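**Student:** Provided herewith is a single structure, encoded as structure tokens, for subsequent inquiry.
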Amino acid sequence: MLFDYEVLRLIWWALLGVLLVAFAITDGFDMGVAALLPAVARTDGQRRQVINTVGPVWEGNQVWFILGGGAIFAAWPALYAVSFSGFYLAMFLILSALIIRPVAFKFRSKREEPAWRARWDAALCFSGVVPALIFGVAVGNVLQGVPFHFDSSLRPFYTGSFFGLLNPFALLCGVVSLSMLVLHGATWLQIKADGEPAARARAYGKLAALVVIVLFAIGGIWVSQMDGYRIMTDMNPEGPSNPLRKEVVLEAGRWLANFRDYPLLWLVPLAGFAGALLALLGLQTQRGALSFIGSKLSVAAIITTVGAAMFPVILPSSTQPGHSLTVWDSSSSHYTLGVMLFSTALLLPIVLLYTAWVYKVLWGKVSEHDVSKDMY
């Protein structure tokens, strides 16, 4: 193999983060636009205008969600087994919303009755709000620890409940996630739309930016007082994937240990605040590119902050801390990670080039008067 096991594990941990960030940045503005639809578009023409800003690109954006899920399944099978079974109902809600979205896109224009289109518009709003909220709730629960353990055969057992996920800190994270993507959707509409929808999007986007800044700060203070997970055993980065061979203890403020040890990491959460402020400035001055770059920076930095705080822990266990999953004991085999990296190196540039070409071809504003009746 070109890389040793330790390096491959680090590469795939970083690639997982890249895929999650790519999904949040691309499909994130789709969800933000859908969430804003009832608020920024008052007439049927305006709603069709707003929908057509994302209609041609949402399918390509959702590829990143599939890639992220595939990476978890292949590179981190223990993480996949615990999270997808433990968060089953939450995942079901997310997938239901993502399934409803294409149906709403295709069916709303099939009839001209206002009631028919209103129902599908509500479905589109649902498809934007629910995933954005639940993704944040999931992150909040991960930071607090998830109730799971393994038996001696490494079979995972989840002992929590769906309503147990809806605790105060997790809901705070959910609102941060929703506000972050609403801001991202508003900056996209400032670039792609004109007229009243763009003006209303600026107003809601500025409010969302302020909410992101305030709640992200509150979340940071909360995390500083929260119990984090400290690994007491010397981990072998080249060792076998067995999460039962370590001792883990809870320690107040432990999630900030990486920032204390590596002060440059503080630039990551600061970039989250700076991006939101940049987006706010761009919305205030009606500079679409500036606001969109700012919202992308904020989304990427906020997600990266979580990964930087938790490393090397990937999924902590609240019931059996020693069973927590880490970068060093929950990956696939050395050979599997190597083959996957080779395949990714070949195929990912093609995905990136095609995506860039699609956006280049479809660039430009969408006007209410230019929307054809044959479109969404």
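The values are calculated or read from the model by the stated rules, or taken from the named source; none is laboratory data. Everything numeric in this text was worked out from a predicted model, so none of it was measured. Counting neighbours? That spans all protein chains shown, and the Cβs are built from the backbone with ideal geometry, glycine included. Note: areas computed on protein heavy atoms with side chains; ligands, DNA, RNA excluded. Shrake-Rupley method; radii C 1.70, N 1.55, O 1.52, S 1.80 Å.
**Student:** Which condition number in (1) surrounded by fewer than 14 Cβ atoms within 10 Å (Cβ to Cβ); (2) among the aliphatic types (A, V, I, L, M); (3) out of contact with any strand residue (DSSP E or B) (no Cβ under 9 Å at 6 or more places or on another chain) is the one that VAL306 fails?
**Tutor:** Among (1) surrounded by fewer than 14 Cβ atoms within 10 Å (Cβ to Cβ); (2) among the aliphatic types (A, V, I, L, M); (3) out of contact with any strand residue (DSSP E or B) (no Cβ under 9 Å at 6 or more places or on another chain), VAL306 violates only (1).
This table checks each residue for (1) under 18 Å from GLY28 (Cβ atoms); (2) open to solvent by 60 Å² or more (accessible area, probe 1.4 Å); (3) without any contact (Cβ under 8 Å) to a residue 40 or more places away in the chain; (4) not in a helix (DSSP H, G or I).
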{"residue": "TYR80", "(1), (2), (3), (4)": "no, yes, yes, no"}
{"residue": "SER127", "(1), (2), (3), (4)": "yes, no, no, no"}
{"residue": "VAL130", "(1), (2), (3), (4)": "yes, no, yes, no"}
{"residue": "ALA138", "(1), (2), (3), (4)": "yes, no, no, no"}
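**Student:** If you take the residues in the range 331-348 that are within 22 Å of the chain's Cα centre (by Cα) and within 14 Å of ILE11 (Cα to Cα), which one is surrounded by the most Cβ atoms within 10 Å (Cβ to Cβ)?
**Tutor:** SER331
**Student:** Right, next: Determine whether GLY164 is buried (at least 24 other Cβ atoms within 10 Å of the Cβ) and either touching a residue at least 12 places away in the same chain (Cβ under 8 Å) or not small (Gly, Ala, Ser) (or both). Working first, answer last.
**Tutor:** Details: buried (at least 24 other Cβ atoms within 10 Å of the Cβ): no; either touching a residue at least 12 places away in the same chain (Cβ under 8 Å) or not small (Gly, Ala, Ser) (or both): yes.
It is false that GLY164 is buried (at least 24 other Cβ atoms within 10 Å of the Cβ) and either touching a residue at least 12 places away in the same chain (Cβ under 8 Å) or not small (Gly, Ala, Ser) (or both).
**Student:** Within the range 85-120, how many residues are farther than 30 Å from ALA300 by Cβ and open to solvent by less than 20 Å² (accessible area, probe 1.4 Å)?
**Tutor:** Residues flagged as farther than 30 Å from ALA300 by Cβ and open to solvent by less than 20 Å² (accessible area, probe 1.4 Å) within the range 85-120 amount to 1.
**Student:** Using beta carbons and a limit of 9 Å, which pairs, at least six apart or on different chains, have the first residue in the range 1-29 and within 30 Å of MET180 (Cα to Cα) and the second one open to solvent by 50 Å² or more (accessible area, probe 1.4 Å) and small (Gly, Ala, Ser)?
**Tutor:** Pairs found: none.
**Student:** Next question. Condition check: closer than 22 Å to TYR5 by Cβ and crowded, with 21+ Cβ neighbours inside 10 Å. Does SER324 satisfy that? Spell out how you get there, then give the answer.
**Tutor:** Working: closer than 22 Å to TYR5 by Cβ: yes; crowded, with 21+ Cβ neighbours inside 10 Å: yes.
It is true that SER324 is closer than 22 Å to TYR5 by Cβ and crowded, with 21+ Cβ neighbours inside 10 Å.
**Student:** State whether the residues of the range 272-292 include one that is modelled with pLDDT of 95 or more and of a type in the set (Val, Ile, Thr).
**Tutor:** So far as the range 272-292 goes, no, none of its residues is modelled with pLDDT of 95 or more and of a type in the set (Val, Ile, Thr).
**Student:** So, in the range 145-188, of the ones that are modelled with pLDDT under 95 and in a helix (DSSP H, G or I), which residue ends up nearest to GLY220 (Cα to Cα)?
**Tutor:** Only one residue fits best here, namely LEU165.
**Student:** Please indicate, with yes or no, whether at least one residue in the range 33-42 is in contact with a strand residue (DSSP E or B) (Cβ under 6 Å, 6 or more places away or on another chain), open to solvent by less than 10 Å² (accessible area, probe 1.4 Å), in contact (Cβ under 8 Å) with a residue 12 or more places away in the chain and farther than 20 Å from LYS296 by Cβ.
**Tutor:** Step one: list which residues in the range 33-42 are in contact with a strand residue (DSSP E or B) (Cβ under 6 Å, 6 or more places away or on another chain), which gives none.
No, because not a single residue in the range 33-42 is in contact with a strand residue (DSSP E or B) (Cβ under 6 Å, 6 or more places away or on another chain), open to solvent by less than 10 Å² (accessible area, probe 1.4 Å), in contact (Cβ under 8 Å) with a residue 12 or more places away in the chain and farther than 20 Å from LYS296 by Cβ.
**Student:** Would it be correct to say that LEU2 is over 21 Å from TRP116 (Cα atoms) and open to solvent by 20 Å² or more (accessible area, probe 1.4 Å)? Spell out the reasoning first.
**Tutor:** On the way: over 21 Å from TRP116 (Cα atoms): yes; open to solvent by 20 Å² or more (accessible area, probe 1.4 Å): yes.
Here the answer is yes, as LEU2 does meet what is asked.
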